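Novice: What follows is a structure written as structure tokens; I'll ask about it next.
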């Protein structure tokens with residue numbers, strides 16, 4: 001079920017009706033797809049690495065259809081240059097946008113609700129210029145407008161009953177989550193599920209109280225159609241903002257999949273950590289949102 005069918009529909013229905021139309025739980029998705037599959041590609045040509053990872057899952061056309069509107073959510077939160085690994089690599093973002101065009105998308109929007117001033121982060125991350133290099137009117141970078149958040153219900157939420165989600169994401173047919181893998185002072189790591197905070201409004205600082213459960217609650221209603229985890233270089237310490245090149249480790253990897261728990265569990269191993277040791281990943285697994293046990297996951301490319 002696409003973003004438009006579920007999230008936009010939740011604006012018009014009550015909680016009971018919303019619960020009946022919510023996205024299927026992980027177990028249903030897994031049985032339908034024959035189990036969880038991740039794709040891992042490695043190389044120094046980041047454009048090729050992204051393409052290789054997505055191609056192992058059937059290509060971008062398996063996720064985006066002609067005429068669809070796509071929201072791409074990288075991490076653009078920090079006033080840092082690409083080599084510092086605080087934001088998603090601009091080549092990764094640009095390549096995904098180009099692949100969406102090739103799949104026939106009619107509108108592609110790249111956005112993030114940033115932590116530092118967006119006028120600086122969009123530029124210094126390299127993402128704004130990389131996307132604009134595509135020179136296609138169907139692709140645009142959007143600065144988040146704080147008046148364009150819409151409240152939706154979270155039927156399965158334990159700590160969160162509702163959530164403000166950005167209108168462009170609600171209106172999109174497909175959502176592609178493109179986080180960077182890095183350390184985080186509060187959650188140990190920030191990977192795909194934590195990256196979704198960039199599409200929510202309100203006082204995000206309140207999420208930090210009981211954050212593990214709240215991140216899992218958010219993932220019950222915001223289910224990206226594709227996740228592409230940027231591990232071309234990872235921030236091993238000092239995250240999420242970073243700033244010290246000594247804390248950056250170059251891995252030249254990209255991991256793609258649709259299961260946020262599996263993606264994040266695999267991402268944790270890049271730091272020498274198990275997914276079960278990260279609170280929000282373990283909580284999401286307990287809620288049935290994905291597979292944390294990598295022995296049960298098919299990992300292509302390694």
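Novice: Need the failing condition index for residue 287 against (1) closer than 26 Å to residue 172 by Cβ; (2) in contact with a helix residue (DSSP H, G or I) (Cβ under 6 Å, 6 or more places away or on another chain); (3) crowded, with 23+ Cβ neighbours inside 10 Å, just the number.
Specialist: That leaves (3) as the condition not met.
Novice: I need the helices (runs of 4 or more DSSP H) fully contained in region 131-227, keeping only those with at least 1 residues that are under 18 Å from the mean Cα position of the chain (by Cα) and more than 26 Å from residue 117 (Cβ to Cβ).
Specialist: Counting at least 1 such residues, we get 211-221.
Novice: Still on this structure, please answer the following. Return yes or no: is residue 256 in a strand (DSSP E or B) and either farther than 19 Å from residue 46 by Cβ or at pLDDT 95 or above (or both)?
Specialist: When the stated conditions are applied, residue 256 passes them.
Novice: So which helices (runs of 4 or more DSSP H) are wholly in region 24-115 and hold at least 1 residues that are surrounded by 14 or more Cβ atoms within 10 Å (Cβ to Cβ) and at pLDDT below 95?
Specialist: Output list reads 26-33.
Novice: Conditions: (1) surrounded by fewer than 20 Cβ atoms within 10 Å (Cβ to Cβ); (2) out of contact with any helix residue (DSSP H, G or I) (no Cβ under 9 Å at 6 or more places or on another chain); (3) touching a residue at least 12 places away in the same chain (Cβ under 8 Å). Residue 195 meets all but one. Number of the miss?
Specialist: (1)
Novice: Take the residues in region 273-282 that are buried (at least 22 other Cβ atoms within 10 Å of the Cβ) and in contact (Cβ under 8 Å) with a residue 40 or more places away in the chain, then tell me which one is nearest to residue 189 (Cα to Cα).
Specialist: 278
Novice: Further question: If you go through region 242-249 one residue at a time, do you hit one that is within 23 Å of residue 71 (Cα to Cα) and either touching a residue at least 24 places away in the same chain (Cβ under 8 Å) or touching a strand residue (DSSP E or B) at 6+ places or on another chain (Cβ under 6 Å) (or both)?
Specialist: There is no residue in region 242-249 that is within 23 Å of residue 71 (Cα to Cα) and either touching a residue at least 24 places away in the same chain (Cβ under 8 Å) or touching a strand residue (DSSP E or B) at 6+ places or on another chain (Cβ under 6 Å) (or both).
The values are calculated or read from the model by the stated rules, or taken from the named source; none is laboratory data. Predicted model, so just to flag it, every value in this text is computed and none were measured. Positions of Cβ are backbone-derived with ideal geometry, glycine not excepted, and every protein chain shown enters the neighbour counts.
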